[in-house]
Amino acid sequence: MIAAIGLALEVLPLIPKLIDLGVDGYSLFMKAKAVRDENRAPTDAEWQQLDAMVNDLEARFDAAARQRPPGT
Amino acid sequence: MFLKAIALAFVVVVSAANSGCSTGQSTPTVDAASLQRKAFELKSIYAGALSGAIVYLEQPRCTEPRTVVLCSSQAVADDMVRYRDMAKIGVDLAESSTRSMTGNVPAMQAAVDGAAAAVNGFKQLVLVYQGGK
């Protein structure tokens, strides 16, 4: 229970931003919570889904970070 | 300064694990599974922090005089890139070292601890700047 609250405190503040980007943050949180609650290692499919999401977010981060102030 | 502290802590824990343990390969254990679970959680948190950073970075960069209400500072953007780079190294190392569950458990633990520090630093920076400067 305490572990689940700890995970919620880590992830929940960030979920609105995930939703802003069209990422299902609730699903992401519930997946991490399920892995923890079931006391098991994530499956390959769960890793692949997370990796794909992170790859997409990293590409968007890099594109946004390249923006420069006008005139520079 | 904080970034340097995280980088130093990361190097120290990984070095300590590599130099202090010579037991070599071990069979899969519950500990290895729990470390992989922790690496998965850290990558999920990293995904959340990335999304918060993107929302900030996609705002127009601030100019003087200011022309928009919400903008992103170039200095903060540069910091986010540095913190993101550190967190990415951490989560990638934690994932690669824990997914097979056949490696050196102390080294896995060091990788996960380093990733936790780096991801936490990135997340804290993003939380400070959520909603614009």
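The values are calculated or read from the model by the stated rules, or taken from the named source; none is laboratory data. Source: prediction; values computed, not measured. In this analysis, Cβ positions are derived from the backbone assuming ideal geometry, glycine residues included, and neighbour counts consider all displayed protein chains. Keep in mind that these areas ignore ligands, DNA and RNA; they rest on the heavy atoms of the full protein, side chains included. Shrake-Rupley method; radii C 1.70, N 1.55, O 1.52, S 1.80 Å.
What the table shows:
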| item | result |
| --- | --- |
| Accessible area per residue, Å², the stretch B:59-133 with all protein chains present, probe 1.4 Å | 43 |
| Total accessible area lost when A and B pair, probe 1.4 Å, Å² to nearest 100 | 3400 |
| Cα centroid of the stretch B:34-96 to Cα centroid of the stretch A:29-72, whole Å | 11 |
| Where a label projected 7 Å from the Cα of B:SER100 along Cα→Cβ would reach, residues of the stretch A:27-42 with amide N under 19 Å | A:41-42 |
| Accessible area of the stretch B:36-133 belonging to carbon and sulfur atoms, whole % at 1.4 Å probe | 59 |
